[in-house]
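Here the structure comes first, spelled out in structure tokens, and everything after it is commentary.
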Amino acid sequence: MVNIIQRIGTGNPVSYSLLTLAALTPVDYKIKIINLKQFWFGSDFSGGKLIGISCLTSTAFEAYRLADKFRLAGSKVVLGGPHVTALPLEAAEHADSIVIGEAESVWAQVIKDFENNHLQKVYKGESLEDFFTPVYDYFLHLDPRLLSLAGVHIARGCKYHCDFCARISTWLRFTKTEQVIEIIKRIKKAKRAFFIRRPMVIFRCDNIYSSPDYAKKLFKEMIPLKVSWIGNCSIDIGFDEEILWLAKESGCKRLLIGFESIYSKDYPKTSLKQIQTAEDYKIAINNIKAHKIKIFGSFIIGLDHYSNFDYLKLLWFLVRSGIWHIYLLILTPFPGTDLFLRLKKENRINSLDWRKYDILTCVFKPKQISVFSVYLWFWFIRYLTVFFSPSILFFWLLFFVSWQGGYYLSRWLLYGF
Ligand code: B12
């Protein structure tokens, strides 16, 4: 099974998607999950195997290249993942089979058909309400260190439907909290450095605040476990005092929040009428910070109604926001999204070279400014906010103290003064 991570450091070395497939595969199969492999050699491609490749849009061409090589070597290749679900016909050209959607309901059939040498071209995965129980036992017995890297998959879907979001399913479902608690207990068994007081849990989901009731129940049950956790979330959690307290008590350290824009009407992430601009978001930001939870805030460059003056306003907001770490992404019309359909209809997509769909490249014609200006504002705001964001100031401080400390220590060791 191959998970192609395009750029070292973009990501988590453990693909949850492929661990899920491994969990669905009969135990008598010898499974090898390959992550982060940048260089492939002829010997890597042998025949007689079933190869599953998970591909995002940014890694699709690499996935196709590998799929062609494995098939040439006589192995059967099955492709799956967000890009395959969005463009099945394109992916089918490079695979013996493709799985559209979620694999839980079809992977057993794929395995059986492979054994009978009768693979079908297309398998359409039905989204399961209880998507986690079929794989629960596997994750419960997974090596705790691997599990702590893989994280806990607590929900699929999100209560918001942003037009740029390319996730496979919009149907909001949750993992049973009792299963989440057992998985966290397993993660706690992972060895960790003596100075790490609480084991870190990564929650894999698009928005941990999609259901406040679910989050409240989970956080309450987590408090006795004494772990730390991080997860994706929407800003409206900042207006819910009770849940912020529960999040803090249950060990929340960081929230990755998709602000997207300083104009809340672009991607409204709260039903509160009085929240109109990012300035109003500051109430939520300060509430979250008051609970000593760090915010990783992501903002999009390239939105249609942003003029150069709006980017000045974005910069002015970001340097005063107190957001711990700022993520900037260039608007990317991933296939299968409403945004892709709209820009395609308006004939504004410049490139269908999927390698460029890495949120760092402008692949469409912006409305108010030029592509060059999109890059100018992206890198200018990115580097300027880097110097203002508390996370970097913290590291500058650390660097400065260790540099000065190192100097005086070496002077004392060498010359005694
Ligand atoms: C965790 C995560 C990450 C992690 C890990 C990614 C990884 N590949 O392991 C990190 C932080 C590294 C990451 C990085 C990026 N990500 Co990301 N990520 C996610 C997130 C939140 C969860 C993915 C996950 O683990 N889901 C749980 C698993 C079980 O679900 P799944 O992956 O969908 O797999 C199921 C099916 O797709 C299918 N399937 C998947 N693979 C395969 C393979 C085979 C053979 C088969 C049969 C079936 C199959 O079966 C699985 C079980 O049902 C999703 C959002 C989402 N809701 O999916 C975004 C998402 C996948 N990411 C996205 C993007 C754009 C990126 C980045 C390009 C941008 C960025 N944020 O920097 C980078 C690219 C990294 C790279 N490869 O270079 C987009 C992908 C859009 C697209 N069409 O490509 C998504 C959908 C976010 C979004 N809302 O648009 N990401």
(request) Among the listed pairs Lys220/Lys289; Lys49/Lys356; Lys189/Lys253; Lys32/Lys185; Lys37/Lys176; Lys37/Lys294, give every one whose C-alpha distance is greater than 22 Å. (result) Lys49/Lys356; Lys32/Lys185; Lys37/Lys176; Lys37/Lys294
(message) Run the simple label-point estimate for His291 and Asn35 please: 7 Å along Cα→C-beta, distance reported in nm.
(response) 2.8 nm
(message) Report the gain in length on full extension from Leu341 to Lys265: 0.36 nm times residue separation, minus Cα-Cα distance, nm rounded to one decimal.
(response) 25.3 nm
(message) Once neighbouring chains are kept in place and the probe is 1.4 Å, which whole percent of the accessible area of the chain is contributed by carbon and sulfur?
(response) 62 percent
(request) Between Trp412 and Lys188, with labels modelled 7 Å along Cα→Cβ, what's the label distance in nm to one decimal, could you check? (result) 4.0 nm
(request) Only loop residues by DSSP count here, and only those with at most 11 other Cβ atoms within 10 Å; note down the trypsin sites (Lys or Arg not before Pro) in segment 45-147 that meet that. (result) Lys121
(message) For a Förster distance of 35 Å, can you work out the FRET efficiency between the beta-carbons of Arg198 and Thr277, rounded to the nearest 0.05?
(response) 0.45
(request) For segment 325-339, just list the computed ³J(HN,Hα) in residue order, Karplus coefficients 6.51, -1.76 and 1.60, θ = phi - 60°, integers in Hz, with x standing in for Gly and Pro. (result) 9, 9, 9, 10, 10, 7, 3, 10, x, 5, x, x, 9, 4, 4
(request) Excluding Asp96 itself, calculate the net charge of residues whose Cβ lies under 14 Å from the Cβ of Asp96, where each Lys or Arg counts +1 and each Asp or Glu counts -1. (result) +1
(request) Report the trypsin sites (Lys or Arg not before Pro) located in segment 148-214 that are in a DSSP loop and have at most 10 other Cβ atoms inside 10 Å of their Cβ, or state none. (result) Lys191, Arg197
(request) Could you pull out every residue, at least 5 positions away or on a different chain, whose amide H is within less than 5 Å of the one on Ile51? Hs are placed 1.01 Å off N in the peptide plane, and Pro or chain starts have none. (result) Lys76, Val77, Val78
(request) Write down the accessible area per residue of the chain in Å², having rolled a 1.4 Å probe over the full set of protein chains. (result) 49 Å²
(message) Only four residue types carry charge here, +1 at the Cβ of Lys and Arg and -1 at the Cβ of Asp and Glu. Report the dipole size of the chain about the Cα centre in Debye, rounded to the nearest 20.
(response) 1260 debye
(message) Just to check I understand the Karplus step: with θ = phi - 60° and J = 6.51 cos²θ - 1.76 cosθ + 1.60, what whole-Hz values come out for segment 313-320, glycine and proline as x?
(response) 5, 4, 4, 4, 5, 5, 6, 9
(message) Taking the Cα centroid of segment 293-313 and of segment 125-195, what is the distance between the two, rounded to the nearest whole Å?
(response) 30 Å
(request) Give the calculated FRET efficiency between Leu376 and Arg355 to the nearest 0.05, with a Förster radius of 25 Å applied to their Cβ-Cβ distance. (result) 0.65
(message) As an exercise, use a Förster radius of 30 Å and the Cβ-Cβ distance of Arg145 and Val27 to find the FRET efficiency, rounded to the nearest 0.05.
(response) 0.90
(message) How much length would be gained if the chain were fully extended between Ser228 and Lys159, taking 0.36 nm per residue of separation minus their Cα-Cα distance, in nm to one decimal?
(response) 22.4 nm
(message) Give the residue list of GluC sites (Glu not before Pro) in segment 233-342 that are DSSP loop and have at most 15 other beta-carbon atoms within 10 angstrom.
(response) none
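The values are calculated or read from the model by the stated rules, or taken from the named source; none is laboratory data. Keep in mind the model is a prediction, meaning the values are calculated, not measured. All Cβ positions, glycine included, derive from the backbone under ideal geometry; neighbour counts span all protein chains shown. Side chains are part of the model used for accessible areas, which takes the heavy atoms of the whole protein and leaves out ligands, DNA and RNA. Shrake-Rupley method; radii C 1.70, N 1.55, O 1.52, S 1.80 Å.
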